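Asker: My questions will all concern the structure given below.
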Amino acid sequence: MRRTAPNFVAPRDACDCHTHVFGPADRYPFAPNRRYTPADASVEELDALHRDLGLGRVVLVQPSVYGADNRCMVDALHRLGARARGVAVIDDATTDATLGELHRAGVRGLRLNFVTAGKSDVGEARQSLAAAAARSARLGWHIQAYMPLAVIAALQDEIAALAVPLVVDHFSGARAAAGPTQPGFAALVELARRGHVYVKLSAASRLSDVAGCADMAHLAAPLIAANPDRMLWGSDWPHTGLDHRHDRNIAAIEPFLPIDDGHALNLLGEWAPDATLSRKILVENPARLYQF
């Protein structure tokens, strides 16, 4: 789809903190237990997006369809060079030697994805966080978690005690229509205020039912006000779909959602109109967290 032109000039080294690359499928096979099958989304297409938006740095996040096989992401990191960082997925079979290789490739975090997997068990989340923290701490990495607000609230004390930074994806799935008083959102704001979590102000189109996502300002404002030093922005490109029904043909390619990435960046300009504030979110916070 046609992208809206940015209505502000992003500062030098501005970072898109949440993207994925896919394919080609014959080179990077998908995990058999995946929830969907995406089309190809190449490094060249990602580059074109960032030229259009005026962004200089990028974070690649390992998508769930590859499981703990990070080869597609790592190869993309090598191609993108020093302006790129990665967030990997590992399992019990991942060795410390492999973690070292991932670090040298530019990986700086481990991903836990509870939402796409349909998991909301608090005990399981507690164990996963503890295990990821133990392995992340050795390399100076962080944990990136996509978990429901209810889990965030239930584990508030454990999250505050983590020895590594925790990055919460996509507003932790908060719905714009439910507003800032929805259960669990106050816990997320408080964790951010105390510096215990980073929050990605990303995927607004997944969380809003209003054209243009104007209602997402009601969620962005209290988070940014709580602690602008813990806010990040990501495009969520290439916008995987949401048709993850168990009865669908898993081999059928699920089309990407037609999201206007220029408009998504302009939303951040509305939420953080001050140049100093937008520089924190787009440059300084990512540089600190991802070790650019």
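Matching residues to (1) over 30 Å from Gly241 (Cβ atoms); (2) assigned to a helix (DSSP H, G or I); (3) without any contact (Cβ under 8 Å) to a residue 40 or more places away in the chain:
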| site | (1), (2), (3) |
| --- | --- |
| Arg111 | no, no, no |
| Ala125 | no, yes, yes |
| Ala130 | yes, yes, yes |
| Arg135 | yes, yes, no |
| Val151 | no, yes, yes |
| Leu162 | yes, no, yes |
| Ala177 | no, yes, yes |
| Glu190 | yes, yes, yes |
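Asker: Looking at the range 97-106, is at least one residue of a type outside the set (S, T, N, Q), crowded, with 20+ Cβ neighbours inside 10 Å, modelled with pLDDT of 95 or more and assigned to a helix (DSSP H, G or I)?
Answerer: Within the range 97-106, one or more residues are of a type outside the set (S, T, N, Q), crowded, with 20+ Cβ neighbours inside 10 Å, modelled with pLDDT of 95 or more and assigned to a helix (DSSP H, G or I).
Asker: May I pose another question? If you check His244, His218, which single one turns out to be modelled with pLDDT under 95 and either of a type outside the set (Lys, Arg) or not in a strand (DSSP E or B) (or both)?
Answerer: Sole residue among the options that is modelled with pLDDT under 95 and either of a type outside the set (Lys, Arg) or not in a strand (DSSP E or B) (or both): His244.
Asker: While we're here: I'd like the full set of residues that are more than 18 Å from Asp16 (Cβ to Cβ), over 18 Å from the mean Cα position of the chain (by Cα) and in contact (Cβ under 8 Å) with a residue 12 or more places away in the chain, limited to the range 196-223.
Answerer: Of everything in the range 196-223, those that are more than 18 Å from Asp16 (Cβ to Cβ), over 18 Å from the mean Cα position of the chain (by Cα) and in contact (Cβ under 8 Å) with a residue 12 or more places away in the chain turn out to be Asp209, Val210, Gly212, Asp215, Ala217, His218, Ala221, Pro222.
Asker: If you go through the range 31-46 one residue at a time, how many are open to solvent by 40 Å² or more (accessible area, probe 1.4 Å) and in contact (Cβ under 8 Å) with a residue 12 or more places away in the chain?
Answerer: Count: 5.
Asker: Now, a different point. Determine which member of the set Leu257, Leu223, Leu268, Leu232 is aliphatic (A, V, I, L, M), surrounded by 14 or more Cβ atoms within 10 Å (Cβ to Cβ) and farther than 25 Å from Pro180 by Cα.
Answerer: Testing whether each residue is aliphatic (A, V, I, L, M), surrounded by 14 or more Cβ atoms within 10 Å (Cβ to Cβ) and farther than 25 Å from Pro180 by Cα leaves just Leu257.
Asker: Right, another one. Just to check your reading of the model, which residue among Ala177, Ala150 is open to solvent by 10 Å² or more (accessible area, probe 1.4 Å), of a type in the set (Gly, Ala, Ser), closer than 22 Å to His218 by Cα and in contact with a Gly (Cβ under 7 Å, 6 or more places away or on another chain)?
Answerer: Ala150
Asker: Just name the residue that is farthest from Met231 (Cα to Cα) out of those in the range 10-38 that are of a type in the set (A, V, I, L, M, F, W, C) and at pLDDT 95 or above.
Answerer: Ranking the candidates gives Phe30 first.
Asker: Provide a single number: the residues in the range 51-77 that are open to solvent by 10 Å² or more (accessible area, probe 1.4 Å) and within 15 Å of the chain's Cα centre (by Cα).
Answerer: Residues meeting the conditions: 2.
The values are calculated or read from the model by the stated rules, or taken from the named source; none is laboratory data. Everything numeric in this text was worked out from a predicted model, so none of it was measured. In this analysis, Cβ positions are derived from the backbone assuming ideal geometry, glycine residues included, and neighbour counts consider all displayed protein chains. Accessible surface areas use protein heavy atoms only, side chains included; no ligands, DNA or RNA. Shrake-Rupley method; radii C 1.70, N 1.55, O 1.52, S 1.80 Å.
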